[in-house]
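The structure appears right after this line, and notes come after that.
The values are calculated or read from the model by the stated rules, or taken from the named source; none is laboratory data. Everything numeric here is computed off the predicted structure, so don't read it as measured data. Cβ placement follows ideal geometry from the backbone for every residue including glycine, while neighbour counts extend to all protein chains displayed. Just so you know, the surface numbers come from the protein's heavy atoms only, side chains and all, with ligands and any DNA or RNA stripped out. Shrake-Rupley method; radii C 1.70, N 1.55, O 1.52, S 1.80 Å.
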Amino acid sequence: MKRHERMNALLELLGDRGRVDVEEAATALEVSAATMRRDMDALAEQQLLTRTRGGAVLSSVAYDLPIRYKHGHRSVEKDAVAQAAAKMVERGDVVGLSGGTTTTAIARVLATRPDFAEAGPQPHLTIVTNSLNIANELAVRPQIKIVLTGGVAHSRSYELVGPFSELVLQQISIDIAFIGANGVDPTMGATVHDEAEARVNRLMAERARRAVVVADSSKIGERCFARVGDADVFDTFITDNGAKEAMRREFTDRGLRVVTARPSGDTEAGPAAGSTPGSTAGR
């Protein structure tokens, strides 16, 4: 792992736990304690964390980590989820993407699909997003139409939120929406750290004919402050193959179809709600 990737991973570890000691972080990132101390010192100089005796805590200015510091963490799992999500999109679709690293990975896969890159008089795909970084990355793709919701920028997640975002979303129809989450729990459903983001994400899901929650398996069982929804707005949950069978079954029992993505690009879809237990279908 390169140094910038390691530092990104350290910041996300801090974002998940709030506090880590040197030995704990060194073990998690598979480096020496001396290397971890140097990384923590470097990030402390940038005011991205606060050093403590034997470790570090989140800086007082850090609420949710800026997306640019998250790209290197669990990238293999997020890419697998992105590949599985992109297979659900057809040419001509209107696709909703919330902010987040997993949805950013989906945007990159869609942007490089050959059938969406072909020259033509009209765009082959429409992306509706409240994510500034997704819009920025896709704006250079002439065959993808970008609709940015507007709103007030959240400085940490690069998401636009508030009444202006909601006003735009209320006026449009989406074929399929992919909504990221900071936590996905069988009882609470998808949750995020910020209530304004939760409101916009839920509205985007409700405006879609099909809404899919996307999250790598490290988010399973986590509960964050603000609820987006579960089977009341989502019909499918895409995660990676680190998700345990028992937990997948809990989501299925509550009405969500679970698609398990593997790094190889293969997927396994659990039974839809109401189907015979134990049945599976590839997608």
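Here the condition is being modelled with pLDDT of 90 or more and not small (G, A, S); of R74, R38, it holds for R38 alone. Pairing residues of the range 136-150 that are farther than 15 Å from T104 by Cβ and free of Cβ contacts under 8 Å to residues at least 40 places away in the same chain with residues that are open to solvent by 70 Å² or more (accessible area, probe 1.4 Å) and part of a helix (DSSP H, G or I), at Cβ distances under 9 Å and at least 6 apart in sequence or on separate chains, gives G150/F164; G150/L167. Consider A273 carefully, then state whether it is modelled with pLDDT under 95 and of a type in the set (A, V, I, L, M). Judged against the criteria, A273 is a match. The residues of the range 128-147 that are part of a helix (DSSP H, G or I) and among the polar types (S, T, N, Q), listed by number, are N133, N136.
Among (1) in contact (Cβ under 8 Å) with a residue 60 or more places away in the chain; (2) open to solvent by less than 10 Å² (accessible area, probe 1.4 Å), which single condition is T191 missing? Status for T191: all satisfied but (1). A Cβ distance below 7 Å, combined with a sequence gap of six or more or placement on separate chains, defines the contacts here; from the range 45-60, residues that are open to solvent by 40 Å² or more (accessible area, probe 1.4 Å) reach residues that are aliphatic (A, V, I, L, M) and assigned to a loop (DSSP other than H, G, I, E, B) in the pairs Q47/V61. Looking at this structure, is G150 among the small types (G, A, S), at positive phi, modelled with pLDDT of 90 or more and not in a strand (DSSP E or B)? Spelling it out, G150 is indeed among the small types (G, A, S), at positive phi, modelled with pLDDT of 90 or more and not in a strand (DSSP E or B).
Check whether at least one residue in the range 118-129 is buried (at least 24 other Cβ atoms within 10 Å of the Cβ), modelled with pLDDT of 95 or more, in contact with a strand residue (DSSP E or B) (Cβ under 6 Å, 6 or more places away or on another chain) and closer than 20 Å to S75 by Cα, and report yes or no. Scanning the range 118-129, I find no residue that is buried (at least 24 other Cβ atoms within 10 Å of the Cβ), modelled with pLDDT of 95 or more, in contact with a strand residue (DSSP E or B) (Cβ under 6 Å, 6 or more places away or on another chain) and closer than 20 Å to S75 by Cα, so the answer is no. Condition check: in contact (Cβ under 8 Å) with a residue 40 or more places away in the chain and over 23 Å from L13 (Cβ atoms). Does R202 satisfy that? Taking the combined requirement at face value, the residue does not satisfy it. Within the option set V200, V168, V233, being buried (at least 24 other Cβ atoms within 10 Å of the Cβ) and either among the β-branched types (V, I, T) or under 14 Å from the mean Cα position of the chain (by Cα) (or both) holds for one residue only, V200.
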